[in-house]
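Worksheet for the structure shown next.
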Amino acid sequence: MRSFIGRDILSLKDFSRDEFFRVFQVADDLRPFARDRRNTDLLKEKTLLTAFYQPSTRTRLSTEAAMHRLGGHVLGFSDSKMTRAGDFYQESIKDTFHMLEYYADVIAIRHHQQGAPHEAARWSSVPVINCGDGWGEHPTQVLTDLYTILLEKGTLDGLTFVLVGDMRMRTMHSMLYSLSQFDSRAIVVGPPQMSLQPEFKADLDLMSVDYREAGDVRDVIGEADVIYMEPVVQADYTQSRVERGAETGKTPPQYQVTRELIRDKGKRSSIVLHSLPRMDELTPDVDETRHQRYWAEAFNGVALRMALLSLVLGRAE
Ligand code: CP
């Protein structure tokens, strides 16, 4: 297994099975601090910089919360319009990260351009963590999702995942790449205009990911151990910011999960994950069922990001 020390976390495409479990093991070790709302001093001499060029509630704040739990320092921006990258100068990723590397020991970036974190990592000598890049990938979210499934199911093998939503979405890409490392299969359900892109399908075939496409969640939910959701009424993730219009549209029933649907057609043991935020694809009545795990995901996201920060900063090996 490769060392995590000093490593950029840009994609789950190159994560080995052992590496997934190493991250989950460290998350288990650090989880008690988050659970008991305690801080430790593991990273007291380290600084995290969050460079978010796109809105975020969970990813930025849970990464910052993780650093605080570990006793580290945090600085950064959550509105690139107030930096030189977002004003008249449109400062490049290269110039920006050449400087940011001197301000911190690890950098977490979210960007609307696919590949921006990879470009940032070229110009930064400190580890760069991809917190979502355009339609590309969202590694820390999907590590959180897999960790949640492992805690709930005790395994990541032998499961059927039904992925529902916009298949251009970065979480869907990271999730499907990850499944190459587990003996589990996926059924993907999304509108034709939001289906998996050909180059992405080619990757999945090369990686021997076991998946098939379906047109309606109502036809396949009965097979699901894990129901993994994203909106289809969706912002354009290639934009730095999208305001909601007067008309947002409704999610068609083919891509919607409700309490009634799970009760009538789902497995009693199935769990529902959603990286959030949601629109109407996941109705609030599911919140009250034993199937929902998205609030557990939110908590696990702190422990998981504590693990990643500790690993890349060399305090967990
Ligand atoms: N799941 C997720 O990425 O949420 P945020 O956009 O709020 O960070």
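The values are calculated or read from the model by the stated rules, or taken from the named source; none is laboratory data. Everything quoted here is computed from the prediction, not taken from an experiment. For neighbour counting, all protein chains shown are included, and Cβ atoms are generated from backbone atoms with ideal geometry for every residue, glycine included. Note: areas computed on protein heavy atoms with side chains; ligands, DNA, RNA excluded. Shrake-Rupley method; radii C 1.70, N 1.55, O 1.52, S 1.80 Å.
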task = Using Cα positions and a limit of under 27 Å, work out the lysines in reach of Lys267, with same-chain residues fewer than 8 apart set aside.
result = Lys153, Lys250
task = With label points built 7 Å along Cα→Cβ from the Cα atoms of Lys153 and Leu61, find their separation and express it in nm.
result = 2.9
ask   = Given labels modelled 7 Å from the Cα in the Cβ direction, how far is it in nm from Ser125 to Ser269?
value = 5.2
task = May I ask you to list the aspartates and glutamates whose Cα is less than 17 Å away from that of Lys46, ignoring any residue fewer than eight positions away on the same chain?
result = Asp8, Glu64, Glu101, Asp105, Glu317
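Give the peptides 221-231, 79-89 in descending order of average Cβ contacts within 10 Å, highest first.
221-231, 79-89
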query = How far, in nm, would the chain grow between Asn39 and Glu223 when pulled straight, counting 0.36 nm per residue and subtracting the alpha carbon separation?
reply = 62.1 nm
Between the stretch 35-68 and the stretch 156-191, the alpha-carbon center distance in angstrom = 27
ask   = What accessible area per residue, rounded to a whole number of Å², is obtained for the chain using a probe radius of 1.4 Å?
value = 43
note = Rounded to the nearest 5, the percent of antiparallel DSSP beta bridges in the stretch 139-296 equals 0
key: Computed label-point distance, nm, for sites Glu260 and Arg2 using a 7 Å Cα→Cβ extension   = 4.9
Mean Cβ count within 10 Å, highest first, over the residues of peptides 50-60, 202-212, 282-292 = 50-60, 282-292, 202-212
Dimensionless Rg ratio for the chain, taking C-alpha atoms and the 2.2 N^0.38 Å reference = 0.97
key: Greater than 23 Å apart at Cα, pairs in Lys44/Lys81; Lys13/Lys81; Lys13/Lys201   = Lys44/Lys81; Lys13/Lys81
inquiry  = Rounded to the nearest 10 Å², what accessible area does Ser3 have for a 1.4 Å probe in the complete protein model?
reply    = 60
request  = Assuming R0 = 22 Å, can you tell me the calculated FRET efficiency for the pair Ala246 and Asp285, based on Cβ-Cβ distance, to the nearest 0.05?
outcome  = 0.25
ask   = With a ≥ b ≥ c the root eigenvalues of the C-alpha gyration tensor of the stretch 40-149, is it rounded (a/c under 1.5), prolate (a/b larger than b/c) or oblate?
value = oblate
note = Cross-link reach from Lys94 to aspartates and glutamates, straight Cα distance under 14 Å and at least 8 residues apart if same chain, gives Glu119
query = Carbon and sulfur: what percent of the chain's accessible surface (1.4 Å probe)?
reply = 47
